[in-house]
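**Q** Right, I'll just put the structure down here and ask away after.
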Amino acid sequence: MNISLEEIGQVTGGRVVGDDGIAISGVNSLNEAGPGEICFFADQRLSEELKKTRGSAVIVSVENQLFNGPQVVAANPELAFARVATLLSPAIAGYPGVSERAVVHESSVIGRNVSIYPLVYVGKEAVIGDDVILFPGVFVGDRARIGVRTVIHPNVAVLRDCVIGKDVIIHAGTVIGADGFGFVRDGRTSVKIPQTGIVQIDDQVEIGANNCIDRATFGRTWIGSRVKTDNLVQIGHNVVIGDDTVVVAQAGIAGSTRIGRGVMIGPQSGLIDHLEIGDGAMIAGRSGVAKAVGAGEIVSGVPAMPHRLWLKITGLIKRLPRLDERVRSLEKKVKELEKLVEME
Amino acid sequence: MNISLEEIGQVTGGRVVGDDGIAISGVNSLNEAGPGEICFFADQRLSEELKKTRGSAVIVSVENQLFNGPQVVAANPELAFARVATLLSPAIAGYPGVSERAVVHESSVIGRNVSIYPLVYVGKEAVIGDDVILFPGVFVGDRARIGVRTVIHPNVAVLRDCVIGKDVIIHAGTVIGADGFGFVRDGRTSVKIPQTGIVQIDDQVEIGANNCIDRATFGRTWIGSRVKTDNLVQIGHNVVIGDDTVVVAQAGIAGSTRIGRGVMIGPQSGLIDHLEIGDGAMIAGRSGVAKAVGAGEIVSGVPAMPHRLWLKITGLIKRLPRLDERVRSLEKKVKELEKLVEME
Amino acid sequence: MNISLEEIGQVTGGRVVGDDGIAISGVNSLNEAGPGEICFFADQRLSEELKKTRGSAVIVSVENQLFNGPQVVAANPELAFARVATLLSPAIAGYPGVSERAVVHESSVIGRNVSIYPLVYVGKEAVIGDDVILFPGVFVGDRARIGVRTVIHPNVAVLRDCVIGKDVIIHAGTVIGADGFGFVRDGRTSVKIPQTGIVQIDDQVEIGANNCIDRATFGRTWIGSRVKTDNLVQIGHNVVIGDDTVVVAQAGIAGSTRIGRGVMIGPQSGLIDHLEIGDGAMIAGRSGVAKAVGAGEIVSGVPAMPHRLWLKITGLIKRLPRLDERVRSLEKKVKELEKLVEME
């Protein structure tokens, strides 16, 4: 597929400088682009790469003399680039209809124009929306529902009764709707509390690979619209995540914690159960969050505290050997002073 | 399914107050319960919810005037509730026999009343006990053995020769019996040590989703009876976990470490290899355990230390900026004192 | 399979002491070995086990009087043992050819002597090398290429266009080539940056179970030769890992970070994006690495610092309660001194 630079200007709302008739067939990084490809320049440290790029056009925030070809001037070059890349990327490879080598229960309801690859399993009374793509090894449990245009990558399990929205992407190996970790102690042993709720994932969510999102004990574990999770993320039973929140790799959120909208949860962080995290909060990577975080707050550390305090404390921790010496020196001086004063 | 409140009293060993003839068809939370459903009340902070619940009956520890209907008074309401919920929950959906679309090696031994869903693979000389349920995508390796009534969820791999007990539940995506991480350095490169042992999982164990439990180098990695693991847990080769131990999400246990009985291992904690953890020990979330923990000890922090000490230290770390100021103030005062004393 | 001790001497470059004609059929630990089995002795703490072993022969670094049978004296007994174990271990069980119950696209290119188990999926124009073993549930995407003698365990997904080298082992449940976590903010929402690159895994790599190795935004995420990863490891888009590097369980490496050769990355450690880690560096378990690490450096802690400094600081942190007391005592003494000096 080819589009002209003029069209790229229109798609991105950018202004074209130079020949707007040239044809663009792909996107690439400054370093690796070749003829017919478009790049973006947003990081001043890459000036050298901009100068040397072999790409045919560049998206910039202000016209740049280092590049000798046509440019698209856009407010946010990376965002403009993402839009062009989306336009030029090949569609995800579908399958023509329902494979005979898939196993689709006769009581399920299958939409139009679906791609159900071989080796997929669709359970009783499951509902698969129009244009859905289910890759090999996908398991869709009884009565689960998959919204239109959703793409589910290989070996994902969406267990019974769970509800997946429209335009969702679920990457390979992820498990949606395993039982929450709910047990009651009876003396030394653990008695299972049946997990009878579901997982609900709203529209335009993207879930990374090998995630675990547990079903609720009652009601639902709920992932709001446009939430993005990275790989190996753990989301416990009855967690609620607000719209537009981002959860980075290997983070874990324990049961019943409620995350606001537009929250950023850093990699390898952990949130205990039954917390409230306000809208727009930011939780730095490797934080251990053990109490509520207010809207817009930035926290880090273990246990998590205001980010500025954490930075200060981190600096002081590194200077602990010096602090120890200072105290030792004081002890010596005070001893000497005591002697002197006593003598008098 | 409906049961009377009288039966619920019998099942839970509780005392019924009010109409014991009413029919209960399900369980729910105080908030979400409706007619025909029973809830439990154990957390005093939920008094408002108790007052407003639309459920038909409540399990309590002492009779409560806020609720206007029949009550079951039980020593441990949550435990009583778990037992009722188990009774009322629908059974896990089985499959009528061995699907023709499963691949079951002719040399395997298949028990009675099994549910082998389509797209399951059972290897040579594997043994599948009576009443076992294997969901689509399950792989059972050659000579592996699965005990009676065990349920294995979609896309789990139980690799060759591993032994799974009775009444075990393994959640989706988990890998039992991958090779342990055993290499010897030969100059710069790593030479693999063949991993010839197995994983043995005893009765009534429940393993979370996307866990990895590695096979032993020799002998066995051994998970004791009634152990419960949450999601994304890593258990290295030759680890031994005692009966009734609980391992919470994203924890990792390195090779040859021996965990006692009834131990609690918190989320995102890590235990190095070749440790001994005593019976009943508790390891807090996000701890990094680098040396032995005695029976009944409670540890936390990185490196892990007695929990009380960690709490104290955590408090002191937060006051490091203040400590730094105090030392600075002392330095100033001592300098002044030195001047004064010298002058004299 | 049986081999004589004489052959074992030849294979390991060791010197046989005692009867070199005895037949060895297997390897085991000192504790569990029986007749016909060989063990190794390298850890002096296991002297008692050496004395009691029922194994027929032992590999040692120097002749040892505690063991009463033939010995193989080798410079590195554990390495010698690994070589013998490799020789004596049964080969991984293959499948005779391409199962009719696998789904292999007609446009794919399949080598000689492959084992394609039932329930495998191989996409369009994929290339499967000679002697490759693909276990049930493996997904090989369109145009992906798998090098000769590579073994891929159950339920692994190798997504479109990815390239796997020769003699690679990939353990169960791993996902190679899911989309990198690339989004641009547009106001409150996240716009996906299409991930058009691939993952390239070089020869003799071993990847653990339930890993996630993301495809590059452009170009490739690249895992060098003989790299070994443990379970549940996360590797972001465009990461480059040099030859012979080892990544232990549950570690995470964020996008575009470049790891040198022969690096050791400890368990549960995290590396932020766009870092450079020099050859031969060592990153301790649970480290949080936020800046570059030079060749040969050893770092630990959060944020990571030189290992010696971290050890010192860890000790000081444990003594914070004492430091606090010392400062309090100084404050008291200085107050008294001030009084005394003022009085004069």
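**Q** For the range A:101-128, state which residues have at least 40 Å² less accessible area in the presence of all protein chains than in their chain by itself, taking the probe as 1.4 Å and leaving out ligands, DNA and RNA.
**A** Those residues are A:ARG101, A:VAL103, A:LEU119, A:TYR121.
**Q** Here's another thing I want to ask about it. Just to confirm, what accessible area per residue do you get for the range A:97-305 at 1.4 Å probe, in whole Å²?
**A** 30 Å²
**Q** Then there's this: Can you give the FRET efficiency to the nearest 0.05 for C:GLU331 and B:LYS291, using r as the Cβ-Cβ distance and R₀ = 41 Å?
**A** 0.70
**Q** With the solvent-accessible surface defined on protein heavy atoms using a 1.4 Å probe, which residues belonging to the range B:157-172 display a reduction of at least 10 Å² in accessible area in the multichain context relative to the isolated chain?
**A** Listed in order, they are B:ALA157, B:LEU159, B:ILE169, B:HIS171, B:ALA172.
**Q** Something else now. Could you tally the net charge around B:ASN76, taking each other residue with its Cβ under 11 Å from the Cβ of B:ASN76, Lys/Arg +1 and Asp/Glu -1?
**A** Around B:ASN76, the charge tally is 0.
**Q** Note down the nm distance, to one decimal, between modelled labels 7 Å out along Cα→Cβ at B:LYS339 and at B:LEU309.
**A** Those two pseudo-labels are separated by 4.2 nm.
**Q** Build a GNM of chain B with springs between Cα atoms under 10 Å: which of B:ALA281, B:ALA75, B:ALA304 gets the top mean-square fluctuation?
**A** The residue with the greatest mean-square fluctuation here is B:ALA75.
**Q** Please report the net charge: other residues with Cβ closer than 13 Å to the Cβ of B:HIS307, K and R +1, D and E -1.
**A** +2
**Q** Quick one: grab the alpha carbon gyration tensor of the protein assembly as shown, order the square roots of its eigenvalues as a ≥ b ≥ c, and give me rounded if a/c is under 1.5, else prolate or oblate depending on whether a/b is larger than b/c.
**A** Since a/c stays below 1.5, the shape of the protein assembly as shown is classed as rounded.
**Q** Ignoring everything except DSSP H segments at least 4 long, calculate the 222 nm mean residue ellipticity for chain B; use -39,500 (n - 2.57) per segment, divide by total residues, nearest 500.
**A** Mean residue ellipticity, 222 nm, calculated: -5500 deg cm²/dmol.
**Q** Could you order B:ARG226, C:ARG215, C:ARG145 by accessible surface area, starting with the largest, using a probe radius of 1.4 Å?
**A** C:ARG145, B:ARG226, C:ARG215
**Q** Oh, and also: Any idea of the total accessible area buried by the B-A contact, 1.4 Å probe, rounded to 100 Å²?
**A** 5100 Å²
**Q** Picking from C:LEU79, C:VAL341, B:HIS105, whose Cα lies most toward the positive end of the charge dipole for the protein assembly as shown (charges on Cβ: Lys, Arg +1; Asp, Glu -1)?
**A** Ranked along the dipole, the leading option is C:VAL341.
**Q** Continuing with this model, one more query. As a test question: what accessible area, to the nearest 10 Å², does A:SER329 have when a 1.4 Å probe is rolled over all protein chains in place?
**A** Surface accessible to solvent at A:SER329 totals approximately 50 Å².
**Q** Moving on to the next point. Obtain the nm distance between the two label points defined at A:GLN65 and A:ARG185 by a simple spin-label model: each point lies 7 Å from its Cα along the Cα-to-C-beta direction.
**A** Between A:GLN65 and A:ARG185, the label points sit 7.3 nm apart.
**Q** Mind checking which of C:ASP43, C:ASP273, C:ASP161 has the largest fluctuation in a GNM of chain C, springs on alpha carbons under 10 Å?
**A** C:ASP43
**Q** Further question on the same structure: I'd like the mean, over residues of B:328-335, of how many other protein chain beta carbons sit within 10 Å of each residue's own Cβ.
**A** Taking all residues of B:328-335 together, the mean is 5.
**Q** Under 10 Å, Cα contacts only: if you run a Gaussian network model on chain B, which one of B:GLY224, B:GLY147, B:GLY14 comes out with the highest mean-square fluctuation?
**A** Highest fluctuation of the listed residues: B:GLY14.
**Q** If each label sits 7 angstrom from Cα along the C-beta direction, how far apart, in nm, is B:THR86 from its counterparts in the other copies?
**A** For B:THR86, the inter-copy label distances come out at 4.9, 5.0 nm.
**Q** Kindly report the accessible area of the range C:3-88 per residue (heavy atoms of protein chains, probe 1.4 Å, no ligands, DNA or RNA), in Å².
**A** Per residue, the range C:3-88 has 49 Å² of solvent-accessible surface.
**Q** Whole-Hz ³J(HN,Hα) for each residue in the range A:286-302, computed from phi via Karplus 6.51 cos²θ - 1.76 cosθ + 1.60 with θ = phi - 60°, x for glycine and proline: what do you get?
**A** Couplings: 6, 6, x, 8, 10, 8, 4, 10, x, 4, x, 6, 10, 10, 7, x, 10 Hz.
**Q** Also, I was wondering about something else. Counting other Cβ atoms within 10 Å, which trypsin sites (Lys or Arg not before Pro) in the range A:270-344 have at most 12 and lie in a DSSP loop?
**A** For trypsin sites (Lys or Arg not before Pro) across the range A:270-344 that sit outside H, G, I, E and B with at most 12 neighbouring Cβ atoms in 10 Å, the list reads A:LYS291.
**Q** Going by amide H atoms built from the backbone, whose H comes under 5 Å of the H on A:VAL104, apart from near neighbours?
**A** A:VAL122
**Q** Rounded, prolate or oblate: which one fits chain C, using the alpha carbon gyration tensor with axes a ≥ b ≥ c (rounded when a/c is under 1.5, else prolate when a/b beats b/c, else oblate)?
**A** It comes out oblate by the Cα gyration axes.
**Q** Leaving out ligands, DNA and RNA, what percent of the accessible area of chain B is carbon and sulfur, probe 1.4 Å?
**A** Answer for chain B is 51 percent, counting heavy atoms of protein chains only.
**Q** Around C:PHE41, with a cut-off of 13 angstrom between Cβ atoms, what is the net charge of the other residues, counting Lys and Arg +1 and Asp and Glu -1?
**A** Local charge sum for C:PHE41: -2.
**Q** Continuing with this model, one more query. If I take R0 = 41 Å and measure r between the Cβ atoms of A:LYS51 and C:LYS124 in this structure, what FRET efficiency does the formula 1/(1 + (r/R0)^6) give, to the nearest 0.05?
**A** E(calc), rounded to 0.05, equals 0.55.
The values are calculated or read from the model by the stated rules, or taken from the named source; none is laboratory data. Bear in mind the structure is a predicted one, so any value in this text is a computation, not a measurement. Positions of Cβ are generated from backbone atoms using ideal geometry, with glycine treated the same way; all protein chains shown enter the neighbour counts. Calculation scope for accessible area: heavy atoms of the full protein, side chains included, ligands and nucleic acids excluded. Shrake-Rupley method; radii C 1.70, N 1.55, O 1.52, S 1.80 Å.
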